[in-house]
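Reading through the structure tokens given below for one structure.
The values are calculated or read from the model by the stated rules, or taken from the named source; none is laboratory data. Since this is a predicted model, take the numbers as computed values, not measurements. Virtual Cβ from ideal backbone geometry, glycine too; neighbours counted across all protein chains shown. When the accessible area is computed, the model is the full protein with side chains, heavy atoms only, and any ligands, DNA or RNA have been set aside. Shrake-Rupley method; radii C 1.70, N 1.55, O 1.52, S 1.80 Å.
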Amino acid sequence: QVQLVESGGGLVQTGGTLKLSCAASGFISNINVMAWHRQAPGKQRELVATITRGGSTNYADSVKGRFTISRDNAKNTMYLQMNSLKPEDTAVYYCAADNRYGSTAYWGQGTQVTVSS
């Protein structure tokens, strides 16, 4: 029903910025919760930020004040603006979306973010 593709990853220096995009094949206006997750080397995947259909957002403590999640339903795209990047932010970032029942059911293939120290 929904396919997700991330883009925008890359290599940046500590303190730099990066903006990730997640393009959906379907209408994201039909999706309540969309989210960004990340998985660092040797660690489990963690939830970075979520955004609802109405624009309500939540962030992991580690990224509060630095990252901003947003979505443009008209463009069927979700974004993650990352500022003041730290080496600890280095990870593969994944886009995800809930199904109609409120469970995370759709995932992108990920985009690599590397922050040099």
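Shape summary: the range 57-107 maps onto an equivalent ellipsoid whose semi-axes, from the alpha-carbon gyration tensor, are 22, 14, 11 Å in decreasing order. In plain terms, if you count all Cα to Cα distances in the chain and split them into 10 Å steps from zero, the share in each step is 15, 51, 29, 6, 0 percent. Rolling a 1.4 angstrom probe over the protein heavy atoms with all chains in place gives the chain an accessible area of 54 Å² per residue.
Surface composition of the chain: carbon plus sulfur atoms hold 45% of the accessible area, using a 1.4 angstrom probe and ignoring ligands, DNA and RNA.
Please list, by residue number, every one of the chymotrypsin sites (Phe, Trp or Tyr not before Pro) in the range 1-98 that is coil in DSSP and has at most 16 other beta-carbon atoms within 10 Å.
27
Please state the charge dipole magnitude for the chain, taken about the Cα centre, from unit charges on C-beta atoms (+1 on K and R, -1 on D and E), reported in debye and rounded to the nearest 20.
It works out to roughly 120 debye.
What trypsin sites (Lys or Arg not before Pro) in the range 3-51 are in a loop by DSSP, with at most 16 other Cβ atoms within 10 Å of the Cβ? Answer by residue number: 43, 45. Under 5 Å from the amide H of residue 110 lie the amide H atoms of 6, 95, each residue being 5 or more positions distant or on a separate chain, with H modelled from the backbone and absent for Pro and chain starts.
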